[in-house]
Amino acid sequence: MKRLLVLSVAVGFLAVLALSQSALGGQPADKPPEKPAKVLICHVQERMVEVDEETGEETEVVTRAHVIEVSENAVEAHLAHGDLLAPDREKCSDCTDMFAPAPVEEGN
């Protein structure tokens with residue numbers, strides 16, 4: 001009976017240990033989780049719409065943008081609102097030249 005109790009306690013301890021490891025992503029409890037990698041993004045600060053006087057066509061132009069460093073977890077959101085990846089640029093540098101003028105879509 002005593003052996004069964006010791007065996008049950010040992011199995012329970014191992015089960016708790018395994019669950020805690022999987023909850024931490026397989027890292028030991030004394031080691032903090034790794035921080036996400038940083039990614040350089042060309043972040044749009046200012047846009048304007050230019051109108052061709054002859055055709056009336058509207059074009060959106062980025063007039064101010066700079067490089068920022070963001071978590072890899074934030075990259076998708078930045079790209080979704082028009083920012084670009086800027087891996088070959090220095091942090092805080094101007095990157096306005098990376099953006100080509102784009103036709104304005106109806107509804108914007």
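Every number in this text was worked out from the coordinates using simple rules, so none of it is lab data. What you see is a predicted model, and the numbers here were worked out from it, not measured in a lab. Every residue, glycine as well, gets a Cβ built from its backbone with ideal geometry; the counts of neighbours run over all protein chains shown.
Grab the other residues whose beta carbon is less than 13 angstrom from that of H66, score K and R as +1, D and E as -1, and report the net.
-3
Determine, from the Cβ-Cβ distance of L85 and E105 and an R0 of 22 Å, the FRET efficiency 1/(1 + (r/R0)^6), rounded to the nearest 0.05.
With R0 = 22 Å, the Cβ-Cβ based efficiency is 0.50.
Evaluated on region 38-103, the Kirkwood hydrodynamic radius is 12.5 Å, with distances taken between all distinct Cα atoms.
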